[in-house]
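A.B. asks: Can you read through this structure? Questions will come right after.
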Amino acid sequence: VQLQAFGGGLVQPGGSLRLSCAASGSVFSIDVMGWYRQAPDNQRGLVADISEAGTPNYGDSVKGRFTISRDNIKDTVYLQMNDLKPEDTAVYYCKVTYYTGDTYWGQGTQVTVSS
């Protein structure tokens, strides 16, 4: 599977960005699609993920501000990020998990929140 992420960039505090990640290739049997992030000197951690059935799961720091969604026809996962804060600055990575348990990561996309 290939994962291509789009949508990172520079935004002011309080602003919004929308990330998308499109899967191609072996897309059958993808269970969970999601986003993780890693800031300098920090471990990579969950932002949000969503099951094939559409059940979302959010990291505590983004609840109420970020919304994850998924288009199973386009094999694409989206992350709408609102009310962005400087602490949201990180490289954001797309991840897919198959029903077999296999996981794949996309290339990262930089999100910078700064005035």
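A.B. asks: Kindly provide the set of residues from region 66-92 that are of a type in the set (S, T, Y) and within 25 Å of S115 (Cβ to Cβ), ordered by number.
C.D. replies: If the condition is that a residue be of a type in the set (S, T, Y) and within 25 Å of S115 (Cβ to Cβ), then T67, T89, Y92 are the ones that fit.
A.B. asks: Taking C94 and the conditions (1) part of a strand (DSSP E or B); (2) more than 13 Å from C21 (Cβ to Cβ); (3) open to solvent by less than 10 Å² (accessible area, probe 1.4 Å); (4) not β-branched (V, I, T), which numbered condition does it fall short on, given that it satisfies the others?
C.D. replies: Every listed condition holds for C94 apart from (2).
A.B. asks: When region 98-115 is examined, which residues are found to be surrounded by 18 or more Cβ atoms within 10 Å (Cβ to Cβ) and farther than 16 Å from F66 by Cα?
C.D. replies: Selection gives G106, T109.
A.B. asks: Being of a type outside the set (D, E), at pLDDT 95 or above and surrounded by fewer than 13 Cβ atoms within 10 Å (Cβ to Cβ) narrows it down to one residue among L17, L10; which is it?
C.D. replies: L10
A.B. asks: Within region 55-65, is even one residue over 23 Å from V113 (Cβ atoms), open to solvent by less than 60 Å² (accessible area, probe 1.4 Å) and assigned to a strand (DSSP E or B)?
C.D. replies: Checking region 55-65: not a single residue is over 23 Å from V113 (Cβ atoms), open to solvent by less than 60 Å² (accessible area, probe 1.4 Å) and assigned to a strand (DSSP E or B).
A.B. asks: Considering every residue within region 82-90, establish whether at least one is within 20 Å of A39 (Cα to Cα), touching a Gly at 6+ places or on another chain (Cβ under 7 Å) and surrounded by 15 or more Cβ atoms within 10 Å (Cβ to Cβ).
C.D. replies: yes
A.B. asks: Which members of region 62-91 meet the condition of being closer than 11 Å to S20 by Cβ and touching a residue at least 60 places away in the same chain (Cβ under 8 Å)?
C.D. replies: Y78, L79, Q80
A.B. asks: Could you check region 1-58 and list, in sequence order, the residues that are among the aromatic types (F, W, Y) and in contact (Cβ under 8 Å) with a residue 40 or more places away in the chain?
C.D. replies: F6, W35, Y36
The values are calculated or read from the model by the stated rules, or taken from the named source; none is laboratory data. As the structure is a prediction and not an experimental result, all values here were calculated from the model. Because the Cβ atoms are built from the backbone with ideal geometry, glycine has one as well, and the counts that use them run over all protein chains shown. Heavy atoms of the whole protein, side chains included, go into the accessibility calculation; ligands, DNA and RNA do not. Shrake-Rupley method; radii C 1.70, N 1.55, O 1.52, S 1.80 Å.
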